[in-house]
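Pasting in a structure now, in structure tokens, and then I'll have a few things to ask.
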Amino acid sequence: MANPDDDELDSDGDGLTNREERIAGTSPYSSDTDLDGIDDATDMATGNPLDSNPNTPRDPETDKARLMREQYLSFAKSVLSDATLSYSALYERYASDRADIQQSARSLDQSVATAALKAGLDAKTTIQLLAQGPKTQYQTQSLDADAKKAALPGILKYSQSTVEAIQRQRYTEYAIAVTGRQWTYPDLYREHISNDLIAIQLDQRVAAAALRAGESPEAVTSLLQQGPYSQFQVGLKQVNPAVIEQYGRGTVAQVQEIQSLRPPTPERTRQRPKDLER
């Protein structure tokens, strides 16, 4: 939220107060919001409508959205190997209707989501993260509040399908590594849903490989939720996702104990919840 105490300040030194910038739609923290080489005060004096410029990223409306944008930028800097990148520069690079630029924006979302998931962000948070990416923000830049609200289901579907596809691909890559066989995810699913024991053993092997690769327990728990066993239980058996998450956490805890060469204690020995019985 805006701080009324700094309304009369000129935080970016462009000749406009923070309050004037918020009213105009320009950024109080960038002297050249639309990156056109002309400072915001001159733009306003000459009547340049900044809020109609598609290459000007709209500021997040909530503290949570601002945090998501900061996290997105942090991951983008990492995957693009550019520590000096600003969000405005990132947005300008990917804000376009050109098919090749849109594909590049999707690829960036996929890379950012992969990095976030490996870092331990859960799937829900990663979905919210993608909503602050240049691709989504460009699509909603010119929408008013009502139109943006109507577009949210499509945004959610895009972000969710992106995250789920990445998790399934990552699971498949680990499954290939631990089994020595080449799989597609559909083949992996068909091969393992007919036998609970075999499917659970695969989850354990995938979890062990992911932990050895340095992924956090939270990241591995999230990964297992896209494995064949969990997907079968949720999709066809209608098991509560919270039960599946508990199963994933138990599996990861058991694998961690085995890897540390400590026998599991009775109270931490993972048992399949009754909800998962066929």
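Matching residues to (1) of a type outside the set (D, E, K, R); (2) closer than 25 Å to Tyr174 by Cα; (3) touching a helix residue (DSSP H, G or I) at 6+ places or on another chain (Cβ under 7 Å):
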position	(1), (2), (3)
Arg66	no, no, no
Gln71	yes, no, yes
Asp82	no, no, no
Ala95	yes, no, yes
Val112	yes, yes, yes
Ala151	yes, no, yes
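Identify, by number, the condition in (1) over 23 Å from Thr125 (Cα atoms); (2) at pLDDT 95 or above; (3) open to solvent by less than 60 Å² (accessible area, probe 1.4 Å) that Gln201 doesn't meet.
Unmet condition: (3).
Let me ask something additional. Could you identify the single residue in Gln132, Gln137, Gln102 that is modelled with pLDDT of 90 or more, part of a loop (DSSP other than H, G, I, E, B) and out of contact with any Asp or Glu (no Cβ under 6 Å at 6 or more places or on another chain)? Write out each step before concluding.
On the way: Gln137 fails: part of a loop (DSSP other than H, G, I, E, B); Gln102 fails: part of a loop (DSSP other than H, G, I, E, B).
The unique qualifying residue is Gln132.
For Ala210, which of the numbered conditions (1) at pLDDT 95 or above; (2) open to solvent by 70 Å² or more (accessible area, probe 1.4 Å) fails to hold?
Ala210 satisfies all of (1) at pLDDT 95 or above; (2) open to solvent by 70 Å² or more (accessible area, probe 1.4 Å) except (2).
Out of the residues in segment 97-109 that are surrounded by 18 or more Cβ atoms within 10 Å (Cβ to Cβ) and over 8 Å from the mean Cα position of the chain (by Cα), which is farthest from Tyr72 (Cα to Cα)? Quick ask: steps written out before the conclusion?
Of segment 97-109, the ones surrounded by 18 or more Cβ atoms within 10 Å (Cβ to Cβ) are 105, 108-109.
Still in the list and also over 8 Å from the mean Cα position of the chain (by Cα): 105, 108.
On the way: Ala105: 13, Leu108: 10 Å.
Step by step, filter segment 97-109, then rank; the result is Ala105.
Right, Thr114: open to solvent by 10 Å² or more (accessible area, probe 1.4 Å), closer than 30 Å to Glu61 by Cα and either touching a residue at least 40 places away in the same chain (Cβ under 8 Å) or over 23 Å from the mean Cα position of the chain (by Cα) (or both) or not? Explain how you work it out, then say what you get.
Details: open to solvent by 10 Å² or more (accessible area, probe 1.4 Å): yes; closer than 30 Å to Glu61 by Cα: yes; either touching a residue at least 40 places away in the same chain (Cβ under 8 Å) or over 23 Å from the mean Cα position of the chain (by Cα) (or both): yes.
Yes; evaluated as a whole, the condition is true for this residue.
Same structure again: Among the residues that make up segment 157-176, is at least one of them closer than 30 Å to Pro60 by Cα, open to solvent by less than 60 Å² (accessible area, probe 1.4 Å), aromatic (Phe, Trp, Tyr) and in contact (Cβ under 8 Å) with a residue 40 or more places away in the chain?
The answer is no, given that none of the residues of segment 157-176 is closer than 30 Å to Pro60 by Cα, open to solvent by less than 60 Å² (accessible area, probe 1.4 Å), aromatic (Phe, Trp, Tyr) and in contact (Cβ under 8 Å) with a residue 40 or more places away in the chain.
Separate question: Using beta carbons and a limit of 7 Å, which pairs, at least six apart or on different chains, have the first residue in segment 213-239 and more than 20 Å from Trp183 (Cβ to Cβ) and open to solvent by 10 Å² or more (accessible area, probe 1.4 Å) and the second one part of a loop (DSSP other than H, G, I, E, B) and among the small types (Gly, Ala, Ser)?
Short answer, once both residue conditions are applied: Ser216/Gly120; Glu218/Gly120.
How many of the residues making up segment 184-198 are farther than 18 Å from Val255 by Cα, open to solvent by 30 Å² or more (accessible area, probe 1.4 Å) and either touching a strand residue (DSSP E or B) at 6+ places or on another chain (Cβ under 6 Å) or not hydroxyl-bearing (Ser, Thr, Tyr) (or both)? Before you say what the answer is, go through the steps one by one.
Taking segment 184-198 and keeping what is farther than 18 Å from Val255 by Cα, we get 184-195.
Still in the list and also open to solvent by 30 Å² or more (accessible area, probe 1.4 Å): 184-187, 189-191, 193-195.
Subset that is either touching a strand residue (DSSP E or B) at 6+ places or on another chain (Cβ under 6 Å) or not hydroxyl-bearing (Ser, Thr, Tyr) (or both): 186-187, 190-191, 193, 195.
So the answer is 6.
So, one more: Just need a number here: residues in segment 57-74 that are buried (at least 17 other Cβ atoms within 10 Å of the Cβ), assigned to a helix (DSSP H, G or I) and touching a residue at least 24 places away in the same chain (Cβ under 8 Å).
4
Could you figure out which of (1) farther than 30 Å from Gly248 by Cβ; (2) at pLDDT below 90; (3) buried (at least 17 other Cβ atoms within 10 Å of the Cβ); (4) not β-branched (Val, Ile, Thr) isn't true of Ala123?
Answer for Ala123: the failing condition is (1).
Do we find a residue being outside any loop (DSSP other than H, G, I, E, B) and open to solvent by 70 Å² or more (accessible area, probe 1.4 Å) anywhere in segment 83-96?
yes
Quick one: what pairs do we get from segment 4-25, first residue open to solvent by 50 Å² or more (accessible area, probe 1.4 Å), second of a type outside the set (Gly, Ala, Ser), C-beta under 6 Å, 6+ apart or different chains?
Glu8/Thr17; Leu9/Asn18; Asp10/Thr17; Ser11/Asn18; Ser11/Pro28; Ser11/Tyr29; Arg19/Asp7
Let me ask another. Does segment 184-194 contain any residue that is of a type in the set (A, V, I, L, M) and farther than 10 Å from Pro228 by Cβ? Spell out the reasoning first.
Of the residues in segment 184-194, the ones of a type in the set (A, V, I, L, M) are 188, 193.
Those left that are additionally farther than 10 Å from Pro228 by Cβ: none.
No, the conditions are met nowhere in segment 184-194.
The values are calculated or read from the model by the stated rules, or taken from the named source; none is laboratory data. Quick caveat: nothing in here was measured; it's all calculated off a predicted structure. Cβ atoms come from the backbone with ideal geometry, glycine included; neighbour counts cover every protein chain shown. For accessibility, only protein heavy atoms count, side chains too; no ligands or nucleic acids. Shrake-Rupley method; radii C 1.70, N 1.55, O 1.52, S 1.80 Å.
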